[in-house]
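Working notes for the structure below.
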Amino acid sequence: GQQDIKHKILAIAEEEGITQASYALKLLQSEGKLSIASTGKDAQGQLVTETYSVEGPVMLFLTTTAIDIDEELLNRCLVLTVNESREQTEAIHVIQRQSQTLEGMLRKKDKQHLTKLHQNAQRLLQPLMVVNPYAEQLGFLSDKTRTRRDHMKYLTLIKTIALLHQYQREVKKIKH
């Protein structure tokens, strides 16, 4: 449907799986909507063009082990990388061993309960306009054209955090 993915998270397990859809996903992120025309046959066997549309915004969550990622996709996304240090690997091993103990299994149950609690809290969020009164005081690098999009990602991250804390702030109204 036209609004089936609106305000949803589109999770893709490996970048390799989206090679044919990457252009459409880039358009969906940039334009906030996507329209695709497809040709098919009607009941009489005549060729007809059908237009399918979906609306965003949509959050794209993509994982990959690839070293080189499509530059056009990179500048539309906030990139998080894995800590590959020896210390991090050792810490992971400790947690994996602890997960085999009784305490670790009980902790897993607690985690499932906490995850459910957070999901329910997210459902309570209202679609509010977020105003940043400090926006004009913020700074950002401007030495490369790429920072044009990176700057917007930075501002959106601040806006997202503020939205998540909406019940800790007074909601103000304005007539316009």
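The values are calculated or read from the model by the stated rules, or taken from the named source; none is laboratory data. Here the structure is a predicted model, which is why all the values come from computation and not from measurement. Please note: Cβ atoms are built from the backbone with ideal geometry, for glycine as well, and neighbour counts cover all protein chains shown. Surface areas here come from the heavy atoms of the whole protein model, side chains and all, with no ligands, DNA or RNA. Shrake-Rupley method; radii C 1.70, N 1.55, O 1.52, S 1.80 Å.
Numbers for the structure displayed
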| item | result |
| --- | --- |
| Pairs, first assigned to a helix (DSSP H, G or I) in region 144-157, second surrounded by 14 or more Cβ atoms within 10 Å (Cβ to Cβ), C-beta under 8 Å, six or more apart | Arg149/Asn75; Arg149/Arg76; Asp150/Asn75; Lys153/Cys77 |
| Members of region 16-53 found to be part of a loop (DSSP other than H, G, I, E, B) and under 26 Å from the mean Cα position of the chain (by Cα), listed by number | Thr19, Gln20, Ala21, Gly32 |
| Residue that is most open to solvent (accessible area, probe 1.4 Å), among those in region 14-73 that are under 18 Å from Met152 (Cβ atoms) and either aliphatic (A, V, I, L, M) or touching a residue at least 60 places away in the same chain (Cβ under 8 Å) (or both) | Met59 |
| Positions within region 163-176 being in a helix (DSSP H, G or I) and modelled with pLDDT of 90 or more, in sequence order | none |
| Test result for Thr160, polar (S, T, N, Q) and outside any helix (DSSP H, G or I) | no |
| One residue from Val171, Val82, Val130 being touching a residue at least 24 places away in the same chain (Cβ under 8 Å), surrounded by fewer than 10 Cβ atoms within 10 Å (Cβ to Cβ) and either at negative phi or in contact with a Ser or Thr (Cβ under 7 Å, 6 or more places away or on another chain) (or both) | Val171 |
| The one condition in (1) over 30 Å from Pro127 (Cβ atoms); (2) modelled with pLDDT under 85 that Leu73 fails to fulfil | (1) |
| Considering residues of region 142-152 that are more than 20 Å from Pro127 (Cβ to Cβ) and modelled with pLDDT under 90 only, the residue most open to solvent (accessible area, probe 1.4 Å) | Arg148 |
| Any chance Leu10 is within 30 Å of Leu163 (Cα to Cα) and either open to solvent by less than 40 Å² (accessible area, probe 1.4 Å) or part of a loop (DSSP other than H, G, I, E, B) (or both) | no |
